[in-house]
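S.K.: Below you'll find the structure I mean.
The values are calculated or read from the model by the stated rules, or taken from the named source; none is laboratory data. These figures come from a predicted structure and were not determined experimentally. Every residue, glycine among them, receives a Cβ derived from its backbone with ideal geometry; neighbour counts consider all protein chains shown.
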Amino acid sequence: MSYLDLQGVEKYYDDFYAIKGIDLAIEKGEFIVFVGPSGCGKSTLLRMIAGLEDINGGQLMLDGRDITHAEPAHRDLAMVFQSYALYPHMTVEENMSFALKLAKVSPAEIKDKVEKAAEKLNLTQYLKRTPKELSGGQRQRVAIGRAIVRSPKVFLFDEPLSNLDAALRGQTRVEIAHLHRELGATTIYVTHDQVEAMTLADRVVVLQGGIIEQVGTPLELYDTPANKFVAQFIGMPQMNILPSQLFRSQHEGAVETGVRPEHMALVAHGEGELNGDVEMVESLGNETLVHINVNGNVQQQIIVRLYERPNLRAGDMVGVDADASRLHFFAADGSALRGEG
Ligand SMILES: Nc1ncnc2c1ncn2[C@@H]1O[C@H](COP(=O)(O)OP(=O)(O)OP(=O)(O)O)[C@@H](O)[C@H]1O
Ligand SMILES: [Mg+2]
């Protein structure tokens, strides 16, 4: 049995079936990221693991113990929220000590744990301040510190960085990765942000409508998506998907064919596997994204990613070749077809 084991875990809100029998085995020390569109059940599933929502079906095991119906305080988990949820009238030190005081840990041990966590999180010089005297990033680090001092078996994060601006998000993301390397703690992390998911995760869990679409390492999901949903959810800009008959390479049973923007190249108009007109050119400096209406059809718009700066403008006619070795084939039900076909 793995360290944290979800077996057929279900959640109903009255007659709304929110989590539809999730099976997931998480190993000790793994960094797991839940991603998926808004409303797919990421927070619900995390809160069920934390014990903040009842589990209506199935079983949850942690380190060999059945915690399906255990009180949150008896689960040995610590959760960090987007909203930080710090006590505003307490100092950083008091915020970080609070749970340990409740657990009747000795003052000397509390002091030691808080000092060590503060050092890891670069908070030592802020221990006597209250949350309103801190920046958003510092507050989020206090919230993480409060979780660390409890030495939980599993850390749970629900979009911890989404209140921060882009630069601070990037910096805090690196800090969280560093912290995970240092502590080696089993972590489940919910995010909307693909870059966070791809850079932090050992394995990513893609959820949709209360079910798991795929579980895999970031590159497994990128290179071998199990279906059309995962293919288009992972990767920015998203994978181009068109009717299979438009392509030279065919695969038995495929009705749609996908190709990532970076696996296509521009050629002369009329000479491409696909041909069309340029709708828009996005020059981003490091790369150029060329939007093309295949056969003049705006319903069949694709994006080609180039690492040079082509001399192109809207309305130009172009041909596009797809790298035949990087095509993805999808059956009518959206599942990916692989191997010889
Ligand atoms: N207390 C509740 N009562 C009824 N329905 C709820 C409740 N909490 C969540 N839901 C529903 O359950 C589904 C999953 O919600 P959840 O908050 O887990 O989504 P999420 O994936 O975290 O979305 P987001 O990315 O927007 O945070 C949604 O359809 C939501 O409306
Ligand atoms: Mg949520």
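S.K.: Residue 110: away from ligand 2 (no atom under 16 Å from the Cβ), of a type outside the set (Phe, Trp, Tyr) and in the same structural domain as residue 142 (by TED's automatic domain parsing), yes or no?
M.R.: For residue 110, the condition - away from ligand 2 (no atom under 16 Å from the Cβ), of a type outside the set (Phe, Trp, Tyr) and in the same structural domain as residue 142 (by TED's automatic domain parsing) - is met.
S.K.: Right, another one. When region 74-131 is examined, which residues are found to be of a type in the set (S, T, N, Q) and under 25 Å from residue 43 (Cα atoms)?
M.R.: If the condition is that a residue be of a type in the set (S, T, N, Q) and under 25 Å from residue 43 (Cα atoms), then 82, 83, 95 are the ones that fit.
S.K.: Moving on. Is it the case that region 43-52 has a residue that's within 16 Å of residue 144 (Cβ to Cβ) and touching a residue at least 60 places away in the same chain (Cβ under 8 Å)?
M.R.: Yes, the conditions are met somewhere in region 43-52.
S.K.: If you don't mind, there's one more thing I want to ask. For region 27-42, how many residues are over 14 Å from residue 203 (Cβ atoms) and in contact (Cβ under 8 Å) with a residue 12 or more places away in the chain?
M.R.: Residues in region 27-42 being over 14 Å from residue 203 (Cβ atoms) and in contact (Cβ under 8 Å) with a residue 12 or more places away in the chain: 6 in total.
S.K.: More than 16 Å from residue 143 (Cα to Cα), within 16 Å of ligand 1 (Cβ to nearest atom) and touching a Leu at 6+ places or on another chain (Cβ under 9 Å): is that true of residue 79 in this structure?
M.R.: no
S.K.: Moving on to the next point. Picking from 335, 283, which residue would you name as being modelled with pLDDT of 95 or more and in contact with a strand residue (DSSP E or B) (Cβ under 7 Å, 6 or more places away or on another chain)?
M.R.: Of the residues listed, the single one that is modelled with pLDDT of 95 or more and in contact with a strand residue (DSSP E or B) (Cβ under 7 Å, 6 or more places away or on another chain) is 335.
S.K.: Determine whether region 263-281 contains at least one residue that is buried (at least 16 other Cβ atoms within 10 Å of the Cβ), closer than 30 Å to residue 204 by Cβ and outside the structural domain of residue 218 (by TED's automatic domain parsing).
M.R.: Yes, that holds for at least one residue.
S.K.: Here's a follow-up. Of all the residues that make up region 229-241, how many are outside any loop (DSSP other than H, G, I, E, B) and buried (at least 20 other Cβ atoms within 10 Å of the Cβ)? Spell out how you get there, then give the answer.
M.R.: Filtering region 229-241 for residues outside any loop (DSSP other than H, G, I, E, B) gives 229-233, 240-241.
Still in the list and also buried (at least 20 other Cβ atoms within 10 Å of the Cβ): 230-231, 233, 240.
Here the count works out to 4.
S.K.: Report every pair of residues separated by at least 6 positions or lying on different chains whose Cβ atoms are under 6 Å apart, first residue within region 175-199 and within 19 Å of residue 220 (Cα to Cα) and among the polar types (S, T, N, Q), second within 16 Å of ligand 1 (Cβ to nearest atom) and in a helix (DSSP H, G or I).
M.R.: 191/197
S.K.: Looking at (1) surrounded by 16 or more Cβ atoms within 10 Å (Cβ to Cβ); (2) more than 16 Å from ligand 2 (Cβ to nearest atom); (3) aliphatic (A, V, I, L, M), which one does residue 90 not meet, given that it meets all the others?
M.R.: Failing condition for residue 90: (1).
S.K.: To continue, here is another question. Do we find that residue 38 is touching a His at 6+ places or on another chain (Cβ under 9 Å), hydroxyl-bearing (Ser, Thr, Tyr) and closer than 20 Å to residue 213 by Cα in this structure? Spell out how you get there, then give the answer.
M.R.: Details: touching a His at 6+ places or on another chain (Cβ under 9 Å): yes; hydroxyl-bearing (Ser, Thr, Tyr): yes; closer than 20 Å to residue 213 by Cα: yes.
The answer is yes for residue 38.
S.K.: What residue, of 199, 187, is at pLDDT 90 or above and in contact with a strand residue (DSSP E or B) (Cβ under 6 Å, 6 or more places away or on another chain)?
M.R.: None of the others qualify; the one that does is 187.
S.K.: Additional query: Is there any pair with a first residue in region 12-26 that is of a type in the set (Phe, Trp, Tyr) and a second that is crowded, with 19+ Cβ neighbours inside 10 Å whose Cβ atoms are under 6 Å apart and which are 6 or more apart or on different chains, and what are they?
M.R.: That search, which allows pairs on different chains as well, returns nothing.
S.K.: Same structure, new question: Of everything in region 307-341 that's under 26 Å from the mean Cα position of the chain (by Cα) and not in a loop (DSSP other than H, G, I, E, B), which residue is surrounded by the most Cβ atoms within 10 Å (Cβ to Cβ)?
M.R.: Among residues in region 307-341 that are under 26 Å from the mean Cα position of the chain (by Cα) and not in a loop (DSSP other than H, G, I, E, B), the one surrounded by the most Cβ atoms within 10 Å (Cβ to Cβ) is 328.
S.K.: Checking residue 4 against (1) more than 23 Å from residue 198 (Cα to Cα); (2) at pLDDT 95 or above, only one condition comes out false. Which one?
M.R.: Of everything listed in (1) more than 23 Å from residue 198 (Cα to Cα); (2) at pLDDT 95 or above, residue 4 misses just condition (1).
S.K.: Please indicate, with yes or no, whether at least one residue in region 68-82 is among the aromatic types (Phe, Trp, Tyr) and either outside the structural domain of residue 103 (by TED's automatic domain parsing) or away from ligand 2 (no atom under 13 Å from the Cβ) (or both). I'd like the intermediate steps shown before the answer.
M.R.: So in region 68-82, the residues among the aromatic types (Phe, Trp, Tyr) come out as 81.
Now drop any that are not either outside the structural domain of residue 103 (by TED's automatic domain parsing) or away from ligand 2 (no atom under 13 Å from the Cβ) (or both), which leaves none.
Looking for residues that are among the aromatic types (Phe, Trp, Tyr) and either outside the structural domain of residue 103 (by TED's automatic domain parsing) or away from ligand 2 (no atom under 13 Å from the Cβ) (or both), one finds none in region 68-82, hence no.
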